[in-house]
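The structure appears right after this line, and notes come after that.
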């Protein structure tokens, strides 16, 4: 049964709570209590898959409870990586935000003990219903991915976060439950996705449940618990020293880009489950599921030995358990191939390693990356912190297709260091996240290697396989190569080791907007990915455009060294949307990768090598005024967009806001969600209103309806709602066609609302004072008109604007009509 062998090696197995979330690249060093918990898990053979749509949809308390109290192999399948959300910790959006949220989920799972999986579905933004979702997602592909993960993970029970019945929640939410309903049956049907059966087998889960709560019921509906299964997931785990409420708070607080920091709680916490499919249960979600070794034929001796190891476990001397565990490993190895044999062999060998205090680490000693064809300097550290005889017999350098045979004894607490260099083959691919290597569609990532589908992240770029004997018994451990350094303040620091191009080229801006025929400077930074690299750099321009100079020459002596080039780019004569690319040529090869590092303290540093490209927009744009004051919001790139079209933009600080100081600005803009994230705005808001009254123009961008620091957003009453227009090409109607916003200095037409991305707008007001004029109206198909996305009020001598339209997405995306309309807002009163 080759299929089940392949299955377990393609997923990362987690087996405990409490390993450092901030040192995710470091070898695990479990303490005695964690080893005890891992021993207990060895005799439990069961699995549960939690199923939802986005990062942060998962129930971290339930995952922690199932993984550590019930000791199930517990996974979370998030159909998307959360690319369409907002970012409260930095400027990254879209694909880069998806990378951040992927790592946040992995950190959450390291805390609560679960495992993490994804489909190829792209989070394209808010969707109001599943029908809309499935017009953008390729439903058959998403279903295939769900079936693939179910067949590989083989859950006994599947639990959805959401109901498959449309209920007014996010369309992705309902769609995820609908996919779960279909996948429950399709995974067991050999006629569905038969191409998968080359490596996996059909799998039928026992039941499908909805993890419901009173949250999903309206005020007029009674939440009837009489027909629902219940679990108290708030219990205390003495081995971990925390309740699952407390573990859940730590886990959920990893979703920092969403602002989901949580406080721990203690005491009863009942979870409810509604039956959806499969075998009904009367009292427990795992009812009727065999979770002992009885599900593996011939495993009686394995179960006995593992029980003996647990019974005699001494937390003061975990190594004393190793001889029995080695016997269990040998007995397990004699069993016929099966899914649980493969899973438990890996788990058991990790427990043996922990009991030995065996520390195995392979690190790059000089750099966090090398290029294909280069040598990587490696240091292998092996320490046996027990009296049990251990010998290192062979090291396989998997990335280099080389191995070394040796007979190196690992004596008690005497470190062995092996320093060597190995060449990375010239054909090794770069370490770009696998779902970003090839362009996909709005709704789906493209993944050409089926074996990668479902994985949370790339397998390690370089790995070593270490062969050991422990008391004569052979054991094998695969160790990733990591980069490790010592920071003078933070101490030991880890980051992933990468395979990188020999040279990068970064374009300084994401979008270049040419509002007139005048040339613009385009600045490139050429960065060496290795020592001694030289060649040519050039722009790739739209037809009819040109640059001066046409090319540049670079010569870089040291890795990481940079050289800057500025090209004056002359646009073509016609209004167009295109792209400016950049490429470097060295040693007869051309590279167009840029370098992007995403670094936050709560996740491992992520390095991306996206194509060096910027959007190029030539448009007909007139503007009035020059000097803009901008109060930054959350994840905001609008100021750079305004500078692109010639405005001088000053970044304002809330403590410095005063009506007198603001008078020098032609307009002041408040960034997205500023009234949600800047506490002092509730005190400084009167200064903004005084600025307007004195003749200024103030543009306030969208805020969410919950968590406002003040309800006084404008000079007159505004009440925000959850209303939004999610279909980006929805019709836009002009309610005040003669208003200056639609006429000066740019004549706005229906053409200006073409090519918008992700959505029209969000969190529109549903109540507003009569002093406000509603300028334009739009709505999603089948819904009532939303007139309040752009409200303008005359106040004193000036103008106040509140807009829920998504300029924070459209301007960085280079949408021409969004620029023209936003300039008209800034030009009011000029």
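The values are calculated or read from the model by the stated rules, or taken from the named source; none is laboratory data. Just so you know, these numbers come straight off a predicted model, no measurement behind them. Positions of Cβ are backbone-derived with ideal geometry, glycine not excepted, and every protein chain shown enters the neighbour counts.
Quick rundown of the values:
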item: Looking only at the range 125-144, and only at residues there that are buried (at least 24 other Cβ atoms within 10 Å of the Cβ) and touching a residue at least 60 places away in the same chain (Cβ under 8 Å), the one that is nearest to residue 252 (Cα to Cα); result: 127
item: Residue tally, condition surrounded by fewer than 17 Cβ atoms within 10 Å (Cβ to Cβ) and in contact with a strand residue (DSSP E or B) (Cβ under 7 Å, 6 or more places away or on another chain), over the range 543-562; result: 11
item: The range 565-595, residues that are under 29 Å from residue 531 (Cβ atoms), touching a strand residue (DSSP E or B) at 6+ places or on another chain (Cβ under 8 Å) and in a strand (DSSP E or B); result: 565, 566, 567, 581, 582, 583, 584, 585, 586, 590, 591, 593
item: The lone exception for residue 512 - which of (1) in a strand (DSSP E or B); (2) under 30 Å from residue 461 (Cα atoms) it fails; result: (2)
item: Condition met for residue 103 (part of a helix (DSSP H, G or I), outside the structural domain of residue 781 (by TED's automatic domain parsing) and in contact with a strand residue (DSSP E or B) (Cβ under 8 Å, 6 or more places away or on another chain)); result: yes
item: Verdict on residue 801 being part of a strand (DSSP E or B), in contact with a helix residue (DSSP H, G or I) (Cβ under 8 Å, 6 or more places away or on another chain) and within 28 Å of residue 85 (Cβ to Cβ); result: yes
item: Residue satisfying condition, being surrounded by 15 or more Cβ atoms within 10 Å (Cβ to Cβ), in a strand (DSSP E or B), within 37 Å of the chain's Cα centre (by Cα) and assigned by TED's automatic domain parsing to the domain that holds residue 679, within set 713, 762; result: 762
item: Qualifying positions in the range 411-440 - assigned to a loop (DSSP other than H, G, I, E, B), surrounded by 14 or more Cβ atoms within 10 Å (Cβ to Cβ) and in contact with a helix residue (DSSP H, G or I) (Cβ under 9 Å, 6 or more places away or on another chain); result: 424, 428, 433
item: Among the candidates 516, 448, residue that is outside the structural domain of residue 390 (by TED's automatic domain parsing) and more than 21 Å from the chain's Cα centre (by Cα); result: 516
item: Residue 755 under 35 Å from the mean Cα position of the chain (by Cα) and either within 25 Å of residue 575 (Cα to Cα) or part of a loop (DSSP other than H, G, I, E, B) (or both); result: yes
item: Residue match in the range 240-248 (condition: over 29 Å from the mean Cα position of the chain (by Cα), over 30 Å from residue 707 (Cα atoms) and crowded, with 18+ Cβ neighbours inside 10 Å); result: no
item: Among the residues listed as 195, 201, the single one being loosely packed, with under 14 Cβ neighbours inside 10 Å and either under 30 Å from the mean Cα position of the chain (by Cα) or not assigned by TED's automatic domain parsing to the domain that holds residue 145 (or both); result: 195
item: Filter result for residue 470 (surrounded by fewer than 16 Cβ atoms within 10 Å (Cβ to Cβ), under 30 Å from residue 345 (Cα atoms), assigned by TED's automatic domain parsing to the domain that holds residue 399 and in contact with a helix residue (DSSP H, G or I) (Cβ under 9 Å, 6 or more places away or on another chain)); result: no
item: Residue in the range 168-177 that is part of a helix (DSSP H, G or I), modelled with pLDDT of 95 or more, within 21 Å of the chain's Cα centre (by Cα) and over 28 Å from residue 724 (Cβ atoms) present; result: no
item: Any hit, the range 282-290, residues being surrounded by fewer than 19 Cβ atoms within 10 Å (Cβ to Cβ), at pLDDT 95 or above and not in a loop (DSSP other than H, G, I, E, B); result: no
item: Tally, over the range 685-710, of residues that are touching a helix residue (DSSP H, G or I) at 6+ places or on another chain (Cβ under 7 Å) and either in contact (Cβ under 8 Å) with a residue 40 or more places away in the chain or not in a helix (DSSP H, G or I) (or both); result: 13
item: Where a residue in the range 217-240 is over 19 Å from residue 267 (Cβ atoms) and its partner, wherever it lies, is exposed (fewer than 10 other Cβ atoms within 10 Å of the Cβ) and at pLDDT below 85, with Cβ under 6 Å and at least six apart; result: none
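Every residue, every condition in (1) in contact (Cβ under 8 Å) with a residue 12 or more places away in the chain; (2) assigned to a strand (DSSP E or B); (3) surrounded by 21 or more Cβ atoms within 10 Å (Cβ to Cβ), yes or no:
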| residue | (1), (2), (3) |
| --- | --- |
| 485 | no, yes, no |
| 494 | yes, yes, yes |
| 517 | yes, no, no |
| 524 | yes, yes, yes |
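Here is a yes/no grid of residues against (1) in contact (Cβ under 8 Å) with a residue 12 or more places away in the chain; (2) surrounded by fewer than 20 Cβ atoms within 10 Å (Cβ to Cβ); (3) in contact with a helix residue (DSSP H, G or I) (Cβ under 7 Å, 6 or more places away or on another chain); (4) assigned to a loop (DSSP other than H, G, I, E, B):
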{"position": "352", "(1), (2), (3), (4)": "yes, no, yes, no"}
{"position": "367", "(1), (2), (3), (4)": "yes, yes, no, yes"}
{"position": "372", "(1), (2), (3), (4)": "yes, yes, no, yes"}
{"position": "377", "(1), (2), (3), (4)": "yes, yes, no, no"}
{"position": "381", "(1), (2), (3), (4)": "yes, yes, no, no"}
{"position": "392", "(1), (2), (3), (4)": "yes, no, no, no"}
{"position": "395", "(1), (2), (3), (4)": "yes, no, no, no"}
